[in-house]
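Worksheet: the structure to be examined is printed underneath.
The values are calculated or read from the model by the stated rules, or taken from the named source; none is laboratory data. No experiment lies behind these values; they were computed from the predicted model shown. As a convention, Cβ positions derive from the backbone with ideal geometry for all residues, glycine included, and neighbour counts pool all protein chains shown.
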Amino acid sequence: MSGEERGEVLFSLSGDGVGVITVNRPQVRNALNRAAMRGLEDAIGRAERASGLRALILTGAGQTFISGGDIRDLHSRMSESDGLHQHDLMTAILSRLETLPVPVIAALEGATRGGGCEVALACDLRFAAEDATLGFVQVRMGVTPGWGGARRLYELVGYSRAMDLLLSGRILTAHEALELGLVNRLTAPGRALEAARSLASEIARGPALAIRGIKEVLSAYRTLPAAQAAERERAIFGRLWASADHAGASAAFLEKRPPVFRGE
């Protein structure tokens, strides 16, 4: 495994193309201070530049994903300009995470709160341990979600449910989060990262062009007018239909053998 291990956030890339970003502040349940925010930005940048990256996992060291912002650090910066700076920084960071061309899986353990939920929703998929909990608790601190989390929550659960969760700040069990569509799969306690790695490895073995195309198509329907998204889907389908991977998979089907995908 190769990678750089420095600062508050770690990045590693295994030989099978699975990258892992780990928030490494277990002493404060991986709460994000300013250094960790910059560390997350740096780790995402390394993922963007990583040759051979096929899937990415975001996790936290120890028994917690991300417990929110580090109030002890952030309390010293309470002006409007400080708030806007944090908003702009983290919104840009999570936008970069969201628009990575490969699937991103969050592995949730422990108590994910506030900004930690916003980070999780910027990932494509979320796996949670059965004893994990999630809470959009920003209202308890007298603020709203500030990193794009309100939009992502609305997209996932709809207006009324998003209002309920944000106004109440109530804590969801992993099973409740699954029912709402905030979490994709549940795992045994302590096994979320293992389950995420299993799927990421499966993705990494798959047809890279098609997998990236799937994410691009769905992202288009989320962010573009319907007609433009349909044109994007059309262009991607045509390109993939003419790819060597598709031709090889069709031949393999006819010859009753497993396909070999080369990303061509």
*Please indicate, with yes or no, whether at least one residue in the stretch 52-65 is over 15 Å from the mean Cα position of the chain (by Cα), surrounded by fewer than 20 Cβ atoms within 10 Å (Cβ to Cβ), without any contact (Cβ under 8 Å) to a residue 40 or more places away in the chain and part of a helix (DSSP H, G or I).*
no
*Could you please give the count of residues in the stretch 203-212 that are among the charged types (D, E, K, R) and under 17 Å from the mean Cα position of the chain (by Cα)?*
1
_the stretch 87-132: number of residues that are in contact (Cβ under 8 Å) with a residue 60 or more places away in the chain and part of a loop (DSSP other than H, G, I, E, B)_ = 9
*Identify the residue in the stretch 1-24 that is in contact with a helix residue (DSSP H, G or I) (Cβ under 6 Å, 6 or more places away or on another chain) and at pLDDT 95 or above and, among all such residues, is surrounded by the fewest Cβ atoms within 10 Å (Cβ to Cβ).*
Asp16
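Search the stretch 193-231 for residues being basic (Lys, Arg), buried (at least 16 other Cβ atoms within 10 Å of the Cβ) and outside the structural domain of Ala55 (by TED's automatic domain parsing), and hand back the single one that is nearest to Thr64 (Cα to Cα).
Going residue by residue through the stretch 193-231, those that are basic (Lys, Arg) are 197, 205, 212, 215, 222.
Applying the additional criterion that residues be buried (at least 16 other Cβ atoms within 10 Å of the Cβ) yields 197, 212, 215.
Checking which are outside the structural domain of Ala55 (by TED's automatic domain parsing) leaves us with 212, 215.
Numbers: Arg212: 29, Lys215: 28 Å.
Across the stretch 193-231, the extreme among qualifying residues is Lys215.
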*Among (1) in contact (Cβ under 8 Å) with a residue 40 or more places away in the chain; (2) crowded, with 16+ Cβ neighbours inside 10 Å; (3) assigned to a helix (DSSP H, G or I) - the single one Leu240 does not satisfy*: (1)
*Right, Ile21: among the aliphatic types (A, V, I, L, M) and either part of a helix (DSSP H, G or I) or free of Cβ contacts under 8 Å to residues at least 12 places away in the same chain (or both) or not?*
no
_Odd one out for Ala36, checked against (1) among the small types (Gly, Ala, Ser); (2) assigned to a helix (DSSP H, G or I); (3) over 17 Å from Glu118 (Cα atoms)_ = (3)
*asked:* Checking the structure you have, find out if any residue of the stretch 207-228 is in contact with a strand residue (DSSP E or B) (Cβ under 9 Å, 6 or more places away or on another chain), among the small types (Gly, Ala, Ser) and assigned to a helix (DSSP H, G or I).
replied: no
